[in-house]
Amino acid sequence: MSNAGGNLKNTVAKGFLWGGMGNVVSQLLNLFFGIFLARILTPEDYGPIGMLAFFSAIACSLQESGFVAALANRKVATHDDYNAVFWFNILVSFFMYGCLFACAPLIAEFFNEPVLVELSRYNFLGIVVASFGIAPSAYLFRELKVKERTISQILSVVATGLTGSIMALKGYSYWGIATQSIVYVLVRAVVCWWYTPWRPSLRVNFAPLRYLFAFSYRLLITNIFQRFNWNIFSLILGKYYNRTDVGNYTKSAEWFNMGGEVVNGMVNAMAQPTLAKVVDDNERQLRVFRKMLRFTAFVSFFLMFGLSLVAKEVITIIITDKWIESARMLQILAVWGAFMPVQSMLTNLLVSRGRVRIYMWCTIVQGVLMLGILLAIHPFGIKNMLISYCIFNAMWLFVWQYFAHREIFISIPMFLRDVLPYMLLAAAVMCLTHIFTVSIDNLYVLLLSRMTIAACLYISASYILRSEELHEIICFLFKRKKQA
């Protein structure tokens, strides 16, 4: 038992290391290529793709159908399971592309943008391409092959960045951005196939879909509403505001995702399959969950509150002040981004315990309420919409916590003890950093000063307060160094 616990601990540690490293490298690459593109393109160029984000997101959810999580939760996954998922995803993707192809004129009419007819038909080709990579990606996810998934992610980002940069230089603007998404899913699918020993066969048995779908259909509905929640801004802005506003929001969301994905991507890669492996032992699962939750809070609040602190300086220096409105949006989004990985931990816990029905209905109610709030507030401006969005989602954490408590008896005091100290510490550090640097006029000096002071204050305070998470990170890194 102790040996199994040690193996799981080592697997989780390596997974977090590779996942964290992969997300950092990927986001740095995204940052590099994003800077290049943002200096060439304008907010208006990003607008059309931002308008299509909602439809692409919903289509991707329908395509994946929750089968990745369903396969990860099976005690034993057979060839027939993967084969059925593979062929089903391909059939569904072609069907969805046909529907979206036919609906392209309606989408263009909704946004009053004629260019979206041809652009959407081209952009949605990524749905078909992505379908070929879902089964091998599910295999790597189930087997906790984080290293291999990380390599596929990094190679995809490099190929995507090079493609977008070349097309931007050639003057293709939003056509280049659309091509990026297609190249990303193509490269990722190819690399996942390279690392996956499983191969499909033409003898297809769709019977496994019955029991897989019994688990996944609620996840499918949940994912649709989750994507709906994440992309509702693009839809509302595209309808009630102009192309430039959509472009500014699209760029702020892009930078927000780069920062948030460092932690949230790591959590989503490890939490659900890890928690599923200890689902039969409530006491052990509670310990594993709380440990992962504390580590998530330790990293997330510092990174995302820090991003909010330096957003204006980073955006202005790197992609010029033509994106200053995007920077203001990013400041608000980053605050919510600090809470997003905590929500991911809670939702992954519910999925690992098979409580997809609760996950589904909770997400649906969250999405419906959010839509109503945003529609009511949109006449008062984008800033008020964003603030409302962040406050509502942060408060909704306590709904997720309530259901987590019903499963593994993690009470509100426990939850707050794991999360609140790091939230307050990160907030205090950023406030002090702002006070210490507010009189600095030079943007470059201001950015460097804020990053340095915030990092030193946070690490020093964590060390003085004897943070277990900081101690384990230091020990792990030194251990790795000695082994090297």
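No value in this document is a laboratory result; all are computed from the given coordinates. These figures come from a predicted structure and were not determined experimentally. FYI the Cβ positions are ideal-geometry reconstructions off the backbone, even for glycines, and counts take in every protein chain you see.
Listed from fewest to most Cβ neighbours within 10 Å, the set Asp441, Asp418 follows the order Asp441, Asp418. Placing +1 on the Cβ of every Lys and Arg and -1 on the Cβ of every Asp and Glu, with no other charges, gives the chain a dipole of roughly 1320 debye about its Cα centre. Comparing Leu140, Leu91, Gly50 along the charge dipole axis of the chain, the residue lying farthest to the positive side is Leu140, per the Cβ-charge model. Gyration tensor over the Cα atoms of segment 299-339: the corresponding equivalent ellipsoid has semi-axes (square roots of 5 times the eigenvalues, largest first) of 19, 10, 5 Å. Within the chain, the longest run free of exposed loop sites, counting trypsin sites (Lys or Arg not before Pro) that sit outside DSSP helix and strand states (H, G, I, E, B) and have at most 12 other Cβ atoms within 10 Å, spans 204-465. Once both labels are positioned 7 Å from their Cα atoms along Cα-to-Cβ, the gap between Ile317 and Phe101 label points is 4.8 nm. For segment 41-241, the pair-distance distribution built from all alpha carbon pairs, in bins 10 Å wide starting at 0, is 9, 32, 35, 19, 5, 0 percent. Each semi-axis of the equivalent ellipsoid for segment 266-484 is √(5λ) with λ an eigenvalue of the Cα gyration tensor; in descending order they amount to 31, 26, 14 Å.
Derived value for the chain: Kirkwood hydrodynamic radius 23.4 Å. Basis is the mean of 1/r over every pair of different alpha-carbon atoms.
Once you've got the Cα coordinates, tell me which of Lys75/Lys291; Lys239/Lys322; Lys145/Lys383; Lys147/Lys322; Lys251/Lys291; Lys147/Lys291 are over 29 Å apart.
Details: Lys75/Lys291 24 Å; Lys239/Lys322 23 Å; Lys145/Lys383 41 Å; Lys147/Lys322 38 Å; Lys251/Lys291 34 Å; Lys147/Lys291 22 Å.
Distance filter (> 29 Å) returns Lys145/Lys383; Lys147/Lys322; Lys251/Lys291.
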